[in-house]
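Right, one structure below, let's go through it.
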Amino acid sequence: MTRKVGIIGVGHVGAAVAHQIIITGATDDLALIDIDTKKVEADALDFEDAMANLPSHTNITVNDYAELADADVIVSAVGNIGIQKIKLDRFAEVGFTSNAVKHVAAKIKASGFNGILIVISNPCDIQTMIYQQLTGLPQNHVMGTGTLLDSARMQRAVAACLNIDPRSVTGYNLGEHGNSQFTAWSTVRVLGQPIQAVAEQRGLNLDDLDNEARIGGYHVMIGKHYTNYAIAAATTHLLNAVLSDAHTEMPVSNYRPEFDCYVSYPVIVGRNGVLTSTQLDLSANEQTKLAQSANFIKTRFTDIMQLPLEDETTTDEYTQSHLTELQQLDVANFVE
């Protein structure tokens, strides 16, 4: 059976996802789409030049939405990292990315695509909601990477304190992929014990670790002005769970009927997208934080959907014309 994936937006993150897909042989056919034609064509040629030295072959097409009709999965990496650098926050992209996503969603719908849509584009939860509403795809077929990355950053932070492998830390960050997300410490276990017990024994400051998970991308952004490898790893992890029908438990952004919006909470993921939800035994404080995070997402989504649809313009033109509007969003959500 042929496996086919489309990636829309082949910038730092989209290209890193494409690279992982190609070198691991995760898919047979890969459709790359980007408004920067020269760049995406160059990436495709670069990947094709790598084929002779790889153990598997991937067929690559460029800038053809018709190729998405029979794709198993589409990954949306649409965004503008240049706008993030203005304020170092995810919500700085909201004007440009929401407008771009509305245009892309219409093209996806017109292509006849009926597979699984994975959203990286920031702010992730809101863009996932826009895609689902405008494509008309079933809610369980549209997911955002959400706090899958934030959970990994929490695992890295905890593991570093204990000098162990991050994969030895289990547990979740929940809520928005943004500043209102939080580490649900009631879910975290390490060294065979709940994290609270280990924290008392080893003198760990859980508040500091929670903050490190939240702002992990900030450190990367300061160093190289974009993030790509960790989010690409999270994306390919989610993609592979879909393609292999793995039935893996993952904290991704998914539609939660109790909040009537998309928010990150662990679900079982397989070939049909979100298969079933889990039921965490959260503390009262964690339940309150989750509800507050969901409310933030829902409120922002309503505001963004009321913005008029602009023409598809170049990144620089859009950034300049909407810079004042972006700066008025007065939020503190850190970078990817």
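The values are calculated or read from the model by the stated rules, or taken from the named source; none is laboratory data. Since the model is a prediction, treat every value here as computed from it, not as a measurement. Glycine gets a Cβ as well: all are built from the backbone with ideal geometry, and neighbour counts include every protein chain shown.
Please return the ranges of helices (runs of 4 or more DSSP H) entirely within the range 178-272 where 1 or more residues are under 14 Å from Ala152 (Cα atoms).
206-224, 229-243
Taking the range 139-174 as the region of interest, how many residues are assigned to a strand (DSSP E or B) and without any contact (Cβ under 8 Å) to a residue 40 or more places away in the chain?
Qualifying residue count for the region: 2.
Just to be sure before I move on: is Arg214 of a type in the set (Lys, Arg), assigned by TED's automatic domain parsing to the domain that holds Cys161 and in contact (Cβ under 8 Å) with a residue 40 or more places away in the chain in the structure I sent?
Judged against the criteria, Arg214 is a match.
Please determine, by comparing only the residues of the range 273-316 that are in a loop (DSSP other than H, G, I, E, B) and among the hydrophobic types (A, V, I, L, M, F, W, C), which one is nearest to Phe182 (Cα to Cα).
That would be Leu282.
Determine which member of the set Ile21, Ile7, Ile35 is under 27 Å from Met221 (Cβ atoms) and assigned to a helix (DSSP H, G or I).
So the residue among Ile21, Ile7, Ile35 that is under 27 Å from Met221 (Cβ atoms) and assigned to a helix (DSSP H, G or I) is Ile21.
With the requirement that a residue be loosely packed, with under 15 Cβ neighbours inside 10 Å, touching a Phe, Trp or Tyr at 6+ places or on another chain (Cβ under 8 Å) and hydrophobic (A, V, I, L, M, F, W, C), what does the range 271-298 give you?
Answer for the range 271-298, where residues must be loosely packed, with under 15 Cβ neighbours inside 10 Å, touching a Phe, Trp or Tyr at 6+ places or on another chain (Cβ under 8 Å) and hydrophobic (A, V, I, L, M, F, W, C): just Ala291.
Are any of the residues in the range 50-73 charged (D, E, K, R), farther than 25 Å from Gly270 by Cα, at pLDDT 95 or above and surrounded by fewer than 22 Cβ atoms within 10 Å (Cβ to Cβ)?
Yes, because at least one residue in the range 50-73 is charged (D, E, K, R), farther than 25 Å from Gly270 by Cα, at pLDDT 95 or above and surrounded by fewer than 22 Cβ atoms within 10 Å (Cβ to Cβ).
Quickly run through the range 229-263 and pick out the residues that are farther than 23 Å from Gln20 by Cα, touching a Lys or Arg at 6+ places or on another chain (Cβ under 9 Å) and buried (at least 18 other Cβ atoms within 10 Å of the Cβ).
Of everything in the range 229-263, those that are farther than 23 Å from Gln20 by Cα, touching a Lys or Arg at 6+ places or on another chain (Cβ under 9 Å) and buried (at least 18 other Cβ atoms within 10 Å of the Cβ) turn out to be Cys261, Tyr262, Val263.
Among Leu209, Leu238, Leu191, which is closer than 29 Å to Gly9 by Cβ and of a type outside the set (Gly, Ala, Ser)?
Leu238
Look at Val188 and say whether it is touching a Gly at 6+ places or on another chain (Cβ under 6 Å) and buried (at least 17 other Cβ atoms within 10 Å of the Cβ).
Yes.
Assigned by TED's automatic domain parsing to the domain that holds Leu282, of a type in the set (A, V, I, L, M) and surrounded by 22 or more Cβ atoms within 10 Å (Cβ to Cβ), is that true of Leu174?
Answer is yes for this residue.
Anything in the range 38-58 that is within 25 Å of the chain's Cα centre (by Cα), in contact (Cβ under 8 Å) with a residue 24 or more places away in the chain and not in a loop (DSSP other than H, G, I, E, B)? List them, or say none.
Residues satisfying the conditions are Lys39, Val40, Asp43, Phe47.
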